[in-house]
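Novice: Got a structure for you, written out below as structure tokens; questions coming shortly.
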Amino acid sequence: MHVVISGSSGLIGGALAVSLLADGHRVTRLVRREPQARADGSVEARWDPRAETVGVDPAVLDGADAVVGLAGAGVGDRRWTAAYKNEIRESRVRGTGALAEAIRGCEKPPQVFVSGSAVGYYGETGQAVVDESGRPGRDFLAGVCQEWEAAADGARAAGTRVVTTRFGIVVSGAGGAMGRLLPLARAGLGGRLGDGRQYWSYISLPDAVRALRHLIDTESVSGPVNMTTPHPATNRDITAAIGRALHRPTVLPVPAFALRLVLGEFADGILMSQRVVPGCLLDSGFTFEHPTFEAALGSAVH
């Protein structure tokens with residue numbers, strides 16, 4: 001296959017590129033700088049996800065088997081000022097819109113566009129179990145996810161199958177939310193966050209890559225897909241599992257007010273309960289190598 005990836009320098013996109021290349025597939029990485037030769041066999045092509053006119057040359061995508069859009073400013077990288085919230089939204093919505101527009105301009109459009117999204121789409125779900133039929137939330141991240149997915153839908157006009165991947169926390173020591181939490185836990189600062197009763201939905205990095213490849217290959221799947229395991233867990237249980245795996249104490253909780261003081265509005269996303277399950281992945285025959293948090297954590301800290 002020929003797969004074009006935006007966000008290939010990120011945690012998920014980078015792992016996906018490595019997996020595809022290892023199996024002999026062609027990978028084109030969209031980059032915002034001048035393209036360079038790569039030793040791994042992939043090819044770089046320049047794009048400007050915020051261009052007012054053409055953000056991506058359709059020729060780069062023409063004839064590709066799949067386009068995977070995973071670019072976007074890190075939600076937890078900075079404090080949420082008004083300017084950075086705009087950065088979070090624009091980097092996703094405009095970048096995805098640029099890819100959809102380029103797909104519509106192809107003579108031979110890609111067969112599938114797999115676009116990123118997040119379980120933030122659902123907002124606060126409390127104790128309720130939510131699959132892809134769940135209603136959208138009303139907070140900032142839920143609004144971003146709705147705009148993000150709507151931008152990807154523009155590719156349908158070209159006859160391209162569109163899949164929007166609603167990611168939970170990706171369990172990896174190499175980056176993402178868990179990549180920040182694990183060093184704190186190793187230092188003995190891994191107590192529960194808030195009251196710890198909030199549900200977190202997660203997926204191991206290897207399963208995330210396998211699921212993306214499953215979605216590329218499975219022609220019957222389109223629309224939203226929850227990228228989470230079938231077993232969401234509370235922050236209290238996740239904290240305890242990390243402590244056991246790392247042989248570190250997890251007795252000192254971080255109060256909600258302290259999180260808000262340090263992180264601002266982003267803290268609400270950490271304290272929010274999202275009990276999200278992967279109805280579509282399971283229905284389409286996908287099987288998880290790491291279905292529980294303990295298994296997912298083991299893949300990250302082995």
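Novice: For the chain, what relative contact order do you get, as a whole percent, if you take Cα pairs closer than 8 Å and at least 6 residues apart? Don't skip to the end; give the middle numbers.
Specialist: Details: 648 pairs, mean separation 53.9, N = 302.
Relative contact order, the chain: 18 percent.
Novice: How big is the charge dipole of segment 154-302 about its Cα centre, in debye rounded to the nearest 20, if each Lys and Arg gets +1 on its Cβ and each Asp and Glu gets -1 on its Cβ?
Specialist: Numbers: 14 positive and 10 negative charges, 63 e Å.
Here the size comes out at about 300 debye.
Novice: Moving on. Run the numbers for VAL129 and VAL262: contour at 0.36 nm per residue of separation, minus the present Cα-Cα distance, in nm.
Specialist: Between VAL129 and VAL262, full extension yields 44.9 nm more.
Novice: Just the projected area, averaged over all directions, of the convex hull on the alpha carbon atoms of the chain: how many nm²? It would help to have the intermediate numbers written out before the result.
Specialist: Numbers: hull surface 60.3 nm².
Result: a mean projected hull area of 15.1 nm².
Novice: Report, in degrees rounded to the nearest 10, the 0 to 90 angle that the Cα long axis of helix 235-246 makes with the longest principal axis of the chain.
Specialist: Once rounded, one gets 90 degrees.
Novice: If you don't mind, there's one more thing I want to ask. For the chain, with every protein chain kept in place, what is the accessible area per residue (1.4 Å probe, Å²)? Intermediate results must be reported in sequence, preceding the final value.
Specialist: On the way: 13400 Å² over 302 residues.
Normalised by residue count, the accessible surface of the chain is 44 Å².
Novice: Across 10 Å bins from the origin, how do the percents of Cα pairs in segment 235-282 run, short distances first?
Specialist: Binned Cα distances yield the sequence 21, 35, 34, 9.
Novice: With Cβ to Cβ distances under 15 Å as the rule, what net charge do the other residues near ASP237 carry (K, R +1; D, E -1)? The partial results should precede the final answer.
Specialist: On the way: positive: ARG192, ARG197, ARG236, ARG244, ARG275; negative: ASP195, GLU294.
The answer is +3.
Novice: Please give the calculated 222 nm ellipticity per residue for the chain, where each DSSP H segment of at least 4 residues contributes -39500 (n - 2.57) and the sum is spread over every residue; nearest 500 deg cm²/dmol?
Specialist: Values: 11 runs with 117 residues, N = 302.
Computed ellipticity for the chain at 222 nm equals -11500 deg cm²/dmol.
Novice: Across segment 97-173, how large is the tail of the calculated P(r) beyond 22 Å, expressed as a percent of all Cα pairs? All intermediate terms of the calculation are to be shown ahead of the outcome.
Specialist: Working: 971 of 2926 pairs.
Distances greater than 22 Å cover 33 percent of the Cα pairs.
Novice: So, one more: Please report, in whole Å, how far the alpha carbons of segment 76-215 spread along each principal axis, starting with the longest.
Specialist: Here the Cα extents, ordered largest to smallest, are 56, 34, 30 Å.
Novice: Can you tell me the order of 201-207, 141-147, 177-183 when each peptide is scored by its average per-residue count of other Cβ atoms within 10 angstrom, highest first? Could you put the intermediate results ahead of the total?
Specialist: Details: 201-207: 25.4, 141-147: 19.7, 177-183: 17.6.
Highest-to-lowest ranking by the protection proxy: 201-207, 141-147, 177-183.
Novice: Plugging the Kirkwood radius over Cα pairs into Stokes-Einstein for segment 212-302, at a temperature of 20 °C and a viscosity of 1.002 mPa s, what D comes out in µm²/s? Intermediate results must be reported in sequence, preceding the final value.
Specialist: Numbers: Rh = 15.6 Å.
For these conditions, the coefficient is 137 µm²/s.
Novice: Moving to a separate point now. With all protein chains present, how much of the accessible area of the chain (probe radius 1.4 Å) comes from carbon and sulfur, to the nearest whole percent?
Specialist: Working: 7000 of 13400 Å².
Percent of accessible area from carbon and sulfur atoms in the chain: 52.
Novice: Assuming 0.36 nm per residue, please report the length gained on full extension of the stretch ALA150 to MET1 beyond their Cα-Cα distance. Show your work: numbers first, answer last.
Specialist: Details: separation 149, 0.36 × 149 = 53.64 nm, distance 2.66 nm.
Separation in residues times 0.36 nm, less the Cα-Cα distance, equals 51.0 nm.
Novice: Using the per-residue mean of other Cβ atoms lying within 10 Å as a proxy for protection, in what order, highest first, do the peptides 263-269, 10-16, 216-222 fall?
Specialist: Values: 263-269: 17.4, 10-16: 21.4, 216-222: 15.4.
The most tightly packed comes first, giving 10-16, 263-269, 216-222.
Novice: Using only Cα atoms, find the angle between the long axis of helix 205-217 and the longest principal axis of the chain, and express it within 0 to 90 degrees, rounded to the nearest 10.
Specialist: Approximately 30 degrees, to the nearest ten.
Novice: Hey, what angle do you get for helix 11-22 against the long axis of the chain, alpha-carbon based, 0 to 90 degrees rounded to 10?
Specialist: Between helix and principal axis, roughly 50 degrees.
Novice: Give, rounded to the nearest 20 debye, the magnitude of the charge dipole that the chain has about its Cα centre when Lys and Arg contribute +1 at Cβ and Asp and Glu contribute -1 at Cβ. Display every interim value, and only then the final one.
Specialist: On the way: 31 positive and 31 negative charges, 176 e Å.
Dipole about the Cα centre, nearest 20: 840 debye.
Novice: How much of the DSSP beta bridge set in the chain is antiparallel, as a percent to the nearest 5? Intermediate results must be reported in sequence, preceding the final value.
Specialist: Working: 2 of 37 bridges.
Given both bridge residues lie in the chain, the antiparallel proportion sits at roughly 5 percent.
Novice: Still on this structure: When DSSP assigns beta bridges and you keep just the ones with both residues in segment 139-244, what percent turn out antiparallel, to the nearest 5?
Specialist: 20 percent
Novice: Still on this structure: Which order do the peptides 251-259, 98-106 come out in when sorted by mean C-beta neighbours inside 10 angstrom, highest first?
Specialist: Values: 251-259: 13.7, 98-106: 22.6.
Highest to lowest by the protection proxy: 98-106, 251-259.
The values are calculated or read from the model by the stated rules, or taken from the named source; none is laboratory data. Quick caveat, the model's predicted, so the values are computed rather than measured. Because the Cβ atoms are built from the backbone with ideal geometry, glycine has one as well, and the counts that use them run over all protein chains shown. Heads up: the accessible areas ignore ligands, DNA and RNA and are worked out on the full protein's heavy atoms, side chains in. Shrake-Rupley method; radii C 1.70, N 1.55, O 1.52, S 1.80 Å.
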